[in-house]
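The structure appears right after this line, and notes come after that.
The values are calculated or read from the model by the stated rules, or taken from the named source; none is laboratory data. Owing to the predicted nature of the structure, the values given are computational and were not obtained by experimental measurement. Counting neighbours? That spans all protein chains shown, and the Cβs are built from the backbone with ideal geometry, glycine included.
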């Protein structure tokens, strides 16, 4: 839900949503933060494969709760935060939330004009580089 809160209009595909979440958590690896929110981890890129499944399950729950709306388009499903979702996020107070949102905004500014496939390709390239180290 936090990732969805950074966009003002339109929506996000599950691929972009999970990629943004991954890049936000490991912001240092993508040069959008001076540190990784979940710490430095030589296995961080192995998390990506499960990230999409976890995001998908979370989205299903939030759609059922009315916090996320889904819109079917020719390009696939787009997910967007509802007013109730925005209100809920407004009730959350933590340093982690503030740090996460700041990094997510930077991720969005850097990657908003790129296609989902280009973003996933960049993540894959970084994963290969990390294996070579």
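Under 6 Å between Cβ atoms, which residue pairs at least 6 apart in sequence (or on different chains) link something in segment 49-66 that is within 18 Å of residue 124 (Cα to Cα) with a partner that is part of a helix (DSSP H, G or I)?
Pairs that qualify, where the first residue is within 18 Å of residue 124 (Cα to Cα) and the partner is part of a helix (DSSP H, G or I), are 51/18; 51/22; 52/18.
Restricting to segment 80-125, what's the tally of residues that are more than 12 Å from residue 27 (Cα to Cα) and either in a helix (DSSP H, G or I) or under 16 Å from the mean Cα position of the chain (by Cα) (or both)? Quick ask: steps written out before the conclusion?
Initial filter on segment 80-125 (more than 12 Å from residue 27 (Cα to Cα)): 80-98, 109, 111-122, 124-125.
Still in the list and also either in a helix (DSSP H, G or I) or under 16 Å from the mean Cα position of the chain (by Cα) (or both): 80-81, 83-91, 95-98, 109, 111-122, 124-125.
Residues that pass the stated criteria total 30.
For residue 66, which of the numbered conditions (1) more than 16 Å from the chain's Cα centre (by Cα); (2) surrounded by fewer than 16 Cβ atoms within 10 Å (Cβ to Cβ); (3) assigned to a helix (DSSP H, G or I) fails to hold?
(3)
With (1) closer than 22 Å to residue 113 by Cα; (2) crowded, with 17+ Cβ neighbours inside 10 Å; (3) modelled with pLDDT under 95 as the list, and residue 72 as the residue in question, which single condition is left unmet?
Single failed check for residue 72: (2).
Residue by residue, here is whether (1) over 21 Å from residue 86 (Cβ atoms); (2) not in a loop (DSSP other than H, G, I, E, B) holds:
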residue: 2; (1), (2): no, no
residue: 17; (1), (2): no, yes
residue: 20; (1), (2): no, yes
residue: 23; (1), (2): yes, yes
residue: 28; (1), (2): yes, yes
residue: 34; (1), (2): yes, no
residue: 37; (1), (2): yes, no
